[in-house]
């Protein structure tokens, strides 16, 4: 065997090993999800049979009807989606306005304010959580949509993300608009935001995911079942039906599905959001 | 809530500072352009910032200060009385054996999770840099646990770790190993928590490492290959040193994240068996929202903050002293 073929044979073997390793790891990573979905379509007898079956032998949707009958998951869904959509829209508005001010306007103390703003991200959420709860308690807002929504209506991360994006846009477009007599607000609305769609999408996806998946805050500020989010509902459901794996897996499918769909539709934005935060390091 | 995105937020703060510094130095703004919209810029800026300032003032800035004040108060939210107690809350925290127990548990979790997480994330990122079929699909698979909720993840893994019928024990017995009682055995419960912790978050670090790797110029590798350097030695002498800033970033953020673990614990183990997996934030949660002892809980929150702050400083210094990063 010549040196060249030995080299390429080693490369081919290396590549095959590489693929085998990556695909095995990927399969192990998603195995719990597959197991969740498969379990959710098995009947009770099959779930408790040993050794376990992989594919459901008797396909059933009873677990879903049971889960939705035992707890108002439809209502939980509405609450989660409502809160996530309102917070996401709110953040798009507040963050883009603040980001535009930080990116383009000249005012005294701008940089100091911006640094302070970024500095607050160093503080763990658990430090602000206790007084935020007390404020909402004093305002009589505990156990209301307001408690779930209000604290999320601004974001240092979102403001920072959009500011960085706005800084990359050429100023000439705005200058032409100013000469035509446009004010700051119209320029932001009609020129900047349409150009910033990718950044807005990244922020929207991140915020939606964060709010939809949030658990601790909902656990703290919500008491009535009518206000439970999906995550809170699932956690309570897990306590009550601790070994009813069929309905529990059906509930887990319900709690993960919207985000999984969003992830597969907008994968780029999820990964970009993470990468953006590290890239400039 | 204000903290929903804090994880991501913390991820960007240092990068932000660098960017801001670079910009301040590099891009002088022509004065004519600067004043384009007229004199009332201060007022306009204030109007644009006001929604954010209002929400931040009420739910971030005030709470940060108030929490510090609270930590020196005896303050029960529903008993409606409070008094200045000096350092008594901190003293009580330090003399509570349970605090040291949860601090130890959190430390064990962090010390185990962070390195495993980073090695796995870097390994996968390096393998994905090569010529691989289905790269997008693979990356999506590794990233999926990041996007699903911790509550659902906890429920799914409880089923996987079910002592009788769970997939974990089925797999162990299939290869001839003894089944493990993941719920009653303290060490096994902690191991389960660590496995879930690594599984849930290594995708984030994979993406961060991938971004760092793609920034290393390929001619370094080409030059090394001409000199006859094998892949391991390339990795050791090119990849690792040039990746150091990313590694520091990932290390600090993973540690901050691990130290604040809560959701998965709540669903997977409830801190059990007998407090073996009870973590710092769980302890804080109980004192604040079960006993409503806001002063005591604020002291715990500030101690958590202090620990994270010191650990971050130590790591940044360690990297700087080895000359790896210009921070």
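The values are calculated or read from the model by the stated rules, or taken from the named source; none is laboratory data. Remember, it's a predicted structure, so these values are computed and weren't measured experimentally. Here the Cβ positions follow ideal geometry from the backbone for every residue, glycine too, while neighbour counts run over all protein chains shown.
Summary table
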read-out	value
Segments classed as helices (runs of 4 or more DSSP H), wholly inside region B:76-195, with at least 3 members that are free of Cβ contacts under 8 Å to residues at least 12 places away in the same chain, buried (at least 20 other Cβ atoms within 10 Å of the Cβ) and touching a helix residue (DSSP H, G or I) at 6+ places or on another chain (Cβ under 8 Å)	B:135-147, B:150-160
Yes/no for residue A:226 being part of a helix (DSSP H, G or I) and either farther than 30 Å from residue A:77 by Cα or modelled with pLDDT under 90 (or both)	no
Some residue of region A:192-212 being surrounded by 17 or more Cβ atoms within 10 Å (Cβ to Cβ), over 12 Å from the mean Cα position of the chain (by Cα) and facing chain B (nearest Cβ under 8 Å)	no
Every pair of residues 6+ apart whose Cβ atoms lie under 8 Å, when the first sits in region A:244-271 and is within 8 Å of chain B (Cβ to nearest Cβ) while the second is assigned to a helix (DSSP H, G or I) and surrounded by fewer than 18 Cβ atoms within 10 Å (Cβ to Cβ)	A:249/A:37; A:267/B:136
Residue check for residue A:152: surrounded by fewer than 20 Cβ atoms within 10 Å (Cβ to Cβ) and within 24 Å of residue A:96 (Cα to Cα)	no
Lone unmet requirement of (1) more than 30 Å from residue A:142 (Cβ to Cβ); (2) in contact with a strand residue (DSSP E or B) (Cβ under 6 Å, 6 or more places away or on another chain) for residue B:294	(1)
Which numbered condition residue A:167 fails, given (1) free of Cβ contacts under 8 Å to residues at least 12 places away in the same chain; (2) within 11 Å of chain B (Cβ to nearest Cβ)	(1)
Which numbered condition residue B:270 misses (of (1) more than 10 Å from chain A (Cβ to nearest Cβ); (2) surrounded by fewer than 20 Cβ atoms within 10 Å (Cβ to Cβ))	(1)
Single unsatisfied condition, residue B:63 versus (1) facing another protein chain (nearest Cβ under 7 Å); (2) without any contact (Cβ under 8 Å) to a residue 12 or more places away in the chain	(2)
Odd one out for residue B:222 among (1) more than 30 Å from residue B:304 (Cα to Cα); (2) in a loop (DSSP other than H, G, I, E, B); (3) without any contact (Cβ under 8 Å) to a residue 24 or more places away in the chain	(2)
Within region B:225-249, tally of residues that are in a helix (DSSP H, G or I) and more than 29 Å from the chain's Cα centre (by Cα)	6
Criterion: closer than 30 Å to residue A:213 by Cβ and more than 9 Å from chain A (Cβ to nearest Cβ) - qualifying residue of B:195, B:238	B:195
Flag if residue B:318 is in a helix (DSSP H, G or I) and either at pLDDT 95 or above or surrounded by fewer than 21 Cβ atoms within 10 Å (Cβ to Cβ) (or both)	yes
Flag if residue A:148 is over 23 Å from the mean Cα position of the chain (by Cα) and in a helix (DSSP H, G or I)	no
Qualifying residue in region A:44-54 (condition: farther than 30 Å from residue B:49 by Cα and touching a residue at least 60 places away in the same chain (Cβ under 8 Å))	yes
Scope region A:89-106; condition free of Cβ contacts under 8 Å to residues at least 24 places away in the same chain, under 17 Å from residue A:154 (Cβ atoms) and at the interface with chain B (Cβ under 8 Å from one of its Cβ atoms); matching residues	A:93, A:101
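Residue-wise test of (1) part of a helix (DSSP H, G or I); (2) away from chain B (no Cβ under 14 Å); (3) crowded, with 18+ Cβ neighbours inside 10 Å; (4) in contact with a helix residue (DSSP H, G or I) (Cβ under 8 Å, 6 or more places away or on another chain).
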site: A:37; (1), (2), (3), (4): yes, no, no, yes
site: A:56; (1), (2), (3), (4): no, yes, no, yes
site: A:67; (1), (2), (3), (4): yes, no, yes, yes
site: A:74; (1), (2), (3), (4): yes, yes, no, yes
site: A:83; (1), (2), (3), (4): yes, no, yes, yes
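Residue by residue, here is whether (1) within 30 Å of residue A:186 (Cβ to Cβ); (2) touching a strand residue (DSSP E or B) at 6+ places or on another chain (Cβ under 9 Å); (3) not assigned by TED's automatic domain parsing to the domain that holds residue A:227 holds:
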| site | (1), (2), (3) |
| --- | --- |
| A:38 | no, no, yes |
| A:46 | no, no, yes |
| A:80 | no, no, no |
| A:92 | yes, no, no |
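Residue-by-condition table, conditions (1) outside the structural domain of residue A:218 (by TED's automatic domain parsing); (2) part of a helix (DSSP H, G or I); (3) in contact (Cβ under 8 Å) with a residue 60 or more places away in the chain:
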site: A:108; (1), (2), (3): no, no, no
site: A:116; (1), (2), (3): no, yes, no
site: A:121; (1), (2), (3): no, yes, no
site: A:127; (1), (2), (3): no, yes, no
site: A:132; (1), (2), (3): no, yes, no
site: A:136; (1), (2), (3): no, yes, yes
site: A:154; (1), (2), (3): no, no, yes
site: A:187; (1), (2), (3): no, yes, no
site: A:202; (1), (2), (3): no, yes, yes
